[in-house]
Amino acid sequence: MFSFRASRLYWLLPVTILAISMAPPASGSDRSTTSKASGPHAGPQVAGLIYRIISNEWQTRSTMQQYSPRIETYLQYYRPDPMLGDVPTADSYFLGRLKFSSEVINRAKEASFLPEAPVGRVLRHARMLREGLHPDEIALESLVVDERNFDSKHYAFEPVRWEYLGDVRCLAIDIHPLDPKSPGAFKGRIWVEDQNYAIVRLNGTRLNAPLLDSYVHFDCWRENLRPGVWLPVYIYSQESDRGNLRYKSQSRLWGYDLAARREQQEWTNILVDASTPVRDNTEDTPDLSPLDGQRQLAIDAERNVLDRLEKARLIAPPGPVDKVLETVVNNLIVTNHLGSLPPIHCRVMLTSTLESFSLAYTIVLSRGLIDVLPDEASLAMILAHELAHIALVQRVDAKFAFNDRLQFSDEDLLSVLDVARNPADEAGADAKGVEFLQNSPYKDKLSQVGLFLRAAVDAAPHLPHLFGPHLGNGLTEGKSKMLRMEDLVIGAPALRPLDVDQIAALPLGSRVQVNAWDGSAYFPSRKAEPLINASEKMPFRLAPTVPHLKVHFPGGKAALSARLAP
């Protein structure tokens, strides 16, 4: 039994008959439309369409069990301000991986990567009990429509309209449980793409939470990561009417390629014979000199650390963002006559926390840090500090050149691997980094750099998790102590929060986008929009991300029709 409104049922007829073309609106027309078709009611065709949607969703649930993506949830509590918008007052953070329980079939849970002291655990649980909010479980609520009862016997379906999500033409459908008392049932809207009728977006909440618990409102987006497969990649949640509890959160999932069959493929590639014989150059090459041997040990340690972090999908594979960072590094190298250094490379850490570190000859910046930097000069400041560590021969601990040091689980990685610098090394790198900047093309823009650092000091007391590094060094320490390039703050202008022309820092998500399949990072092409008022500046703040959906792996509707026909 289906609870479609009779007045809308005729409208659904063109989408339920698979032989009829589902062409998008003409170029230049409104991409959010309601069909104007007319005709007889089509009960069997409607039932066939809903059957396909439900079958696809159950298949998605089954497919997800093959993967264990990385998952990061960052949450900001806020207070409304009439001039500045939603001002953060505190934050919370989770980083780990998604896995499925072996005790409860299809039940997803999260395994944390974050080391936590007993006191911190007690305080976190106390807050969860007080607020009924579980930051480490927010993403789990929205992965599927209903893990137990998603079928036509338990849900009513009501068509809304056709609309485009990015380049994907979708049918929006409102759904609600037939039994309003059903625990954990979903109530909201789903969007179904017009090729295979897979759900690509869920927006709503769950009903009837357990005692002392609560459900949140969420907006979950899926992307086409494999042929015919749409998997969750981004989840936004916000509450503003739960008493004094106001928050925004975003969850990101990436690294779906970390599966057993990937490891089998790697072995397959290794066992394939080379197309040409491998040349043995040992007789033409002398042993390394003591200096080269010392450098090689540092390079081996660096490579082991990078390989381990990339294997855990905490660092992106080499890509286009690295090249942009390396261009700025090269500007610093050339103007400071550092040509004797080996080639310097850059990589991107895929987390939101604001941190950076260097190893031997590689500089690593977090995605969140790149996001919030307002200009190239501020980026040069971060890179100059890390380049100074390299120039001062402050390298990663050589113990990581021995491979057994990094043979442990992903869950233990952040607690075992520590590449942060001590205060003395940080002070030395600051002094040398300022010197590099003063000799660089960015020397006339250092007041803007100081403005960014001033904004960081202002925001850090309210956002300790965002400013708290996992592996390297952060911008601040404690409540308000500036750690990075403190001398540059002295000549910086005062913060003017109400001035839309003064941009001290950007919101999270402003620059870097991550491929959810393999964790590769890139800069999306976006049009800059002028700000209307100060509430749109949002320095260091969360804001919703709206993915631009595309069909990367098109599939045929005819094949799906034959496979899923009732």
Do we have any residue at all in region 508-524 that's assigned to a loop (DSSP other than H, G, I, E, B), under 29 Å from Ala424 (Cα atoms) and at pLDDT 85 or above? no
When the residues of region 56-75 are narrowed to those that are in contact with a helix residue (DSSP H, G or I) (Cβ under 8 Å, 6 or more places away or on another chain) and of a type in the set (A, V, I, L, M, F, W, C), which ends up nearest to Asp151 (Cα to Cα)? Ile71
For a quick check of your reading of the model, give me the residue pairs whose first member lies in region 442-470 and is in the same structural domain as Arg367 (by TED's automatic domain parsing) and within 19 Å of Asp487 (Cα to Cα), whose second is assigned to a helix (DSSP H, G or I) and small (Gly, Ala, Ser), with beta-carbon atoms closer than 6 Å and at least 6 apart or on different chains. Tyr442/Ala377; Tyr442/Ala380; Lys445/Ala377; Gln448/Ala377; Val449/Ala377; Val449/Ser378; Phe452/Ser378
Working only within region 473-502, note down all residues that are closer than 24 Å to Glu386 by Cβ, part of a loop (DSSP other than H, G, I, E, B) and modelled with pLDDT of 90 or more. Ala492
Can you tell me how many residues in region 327-341 are surrounded by fewer than 17 Cβ atoms within 10 Å (Cβ to Cβ) and closer than 30 Å to Asp257 by Cβ? 1
What are the pairs with Cβ atoms under 7 angstrom where one residue, in region 519-543, is within 25 Å of Leu350 (Cβ to Cβ) and the other, located anywhere, is of a type in the set (Lys, Arg) and surrounded by 10 or more Cβ atoms within 10 Å (Cβ to Cβ)? Sequence gap at least six, or different chains. Gly519/Arg313; Ala521/Arg367; Phe523/Arg511; Leu542/Lys248
Show the residue pairs meeting these rules: Cβ distance below 9 Å; 6+ apart or different chains; first residue within region 79-96 and on the phi < 0 side of the Ramachandran plot; second residue surrounded by fewer than 20 Cβ atoms within 10 Å (Cβ to Cβ) and among the β-branched types (Val, Ile, Thr). Arg79/Val87; Arg79/Thr89; Pro80/Val87; Asp81/Val87
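Would you be able to say whether some residue in region 208-217 is over 22 Å from the mean Cα position of the chain (by Cα) and within 21 Å of Val546 (Cβ to Cβ)? Give the steps one after another, and end with the answer.
Step one: of region 208-217, the residues over 22 Å from the mean Cα position of the chain (by Cα) are 208-215.
Cutting the leftovers down to within 21 Å of Val546 (Cβ to Cβ) gives us none.
Checking region 208-217: not a single residue is over 22 Å from the mean Cα position of the chain (by Cα) and within 21 Å of Val546 (Cβ to Cβ).
Among Arg201, Arg246, which is the only one that is in contact with a Ser or Thr (Cβ under 7 Å, 6 or more places away or on another chain), part of a strand (DSSP E or B) and over 18 Å from Glu110 (Cβ atoms)?
Details: Arg201 fails: in contact with a Ser or Thr (Cβ under 7 Å, 6 or more places away or on another chain).
Arg246 is the lone residue from the list that is in contact with a Ser or Thr (Cβ under 7 Å, 6 or more places away or on another chain), part of a strand (DSSP E or B) and over 18 Å from Glu110 (Cβ atoms).
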When Ser251 is evaluated against the numbered criteria (1) at pLDDT 70 or above; (2) surrounded by fewer than 16 Cβ atoms within 10 Å (Cβ to Cβ), which criterion, by number, is the only one it fails? (2)
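Looking at Glu326, is it assigned to a helix (DSSP H, G or I) and without any contact (Cβ under 8 Å) to a residue 40 or more places away in the chain?
Working: assigned to a helix (DSSP H, G or I): yes; without any contact (Cβ under 8 Å) to a residue 40 or more places away in the chain: yes.
It is true that Glu326 is assigned to a helix (DSSP H, G or I) and without any contact (Cβ under 8 Å) to a residue 40 or more places away in the chain.
Given the options Val514, Val500, Val489, name the one that is in contact (Cβ under 8 Å) with a residue 40 or more places away in the chain and in contact with a Leu (Cβ under 7 Å, 6 or more places away or on another chain). Talk me through it step by step, then tell me what you get.
Numbers: Val500 fails: in contact (Cβ under 8 Å) with a residue 40 or more places away in the chain; Val489 fails: in contact (Cβ under 8 Å) with a residue 40 or more places away in the chain.
None of the other options fit; the residue is Val514.
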Look at Val416 and say whether it is of a type in the set (Val, Ile, Thr), closer than 22 Å to Glu72 by Cα and surrounded by fewer than 19 Cβ atoms within 10 Å (Cβ to Cβ). yes
Does region 323-331 include one or more residues that are modelled with pLDDT under 95 and touching a Lys or Arg at 6+ places or on another chain (Cβ under 9 Å)? no
Selection count where residues are assigned to a loop (DSSP other than H, G, I, E, B) and more than 19 Å from Arg295 (Cα to Cα), scope region 372-420: 9
Is there any pair with a first residue in region 376-387 that is over 17 Å from Gly428 (Cα atoms) and a second that is of a type in the set (Lys, Arg) whose Cβ atoms are under 7 Å apart and which are 6 or more apart or on different chains, and what are they? Ala377/Lys445
Return only the number of the condition from (1) under 30 Å from Ser249 (Cα atoms); (2) in the same structural domain as Glu141 (by TED's automatic domain parsing); (3) modelled with pLDDT of 50 or more that Tyr78 does not satisfy. (2)
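What residue, of Glu529, Glu536, is of a type in the set (Asp, Glu), over 19 Å from the mean Cα position of the chain (by Cα) and modelled with pLDDT under 90?
Details: Glu536 fails: modelled with pLDDT under 90.
Answer to the check: Glu529.
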How many residues are β-branched (Val, Ile, Thr) and either buried (at least 19 other Cβ atoms within 10 Å of the Cβ) or in a helix (DSSP H, G or I) (or both) when one looks only at region 284-314? 2
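Can you go through Glu141, Glu147 and tell me which one is surrounded by 14 or more Cβ atoms within 10 Å (Cβ to Cβ), modelled with pLDDT of 70 or more and in a loop (DSSP other than H, G, I, E, B)?
On the way: Glu141 fails: in a loop (DSSP other than H, G, I, E, B).
Result of the check over Glu141, Glu147: Glu147.
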Output for region 328-363, where each listed residue is within 26 Å of the chain's Cα centre (by Cα), among the hydrophobic types (A, V, I, L, M, F, W, C) and closer than 18 Å to Met485 by Cβ: Val328, Val329, Leu354, Phe357, Ile363
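The values are calculated or read from the model by the stated rules, or taken from the named source; none is laboratory data. Predicted model only: the values in this text are computed from it and were never measured. Cβ: placed from backbone, ideal geometry, glycine included. Neighbour counts: every protein chain shown.
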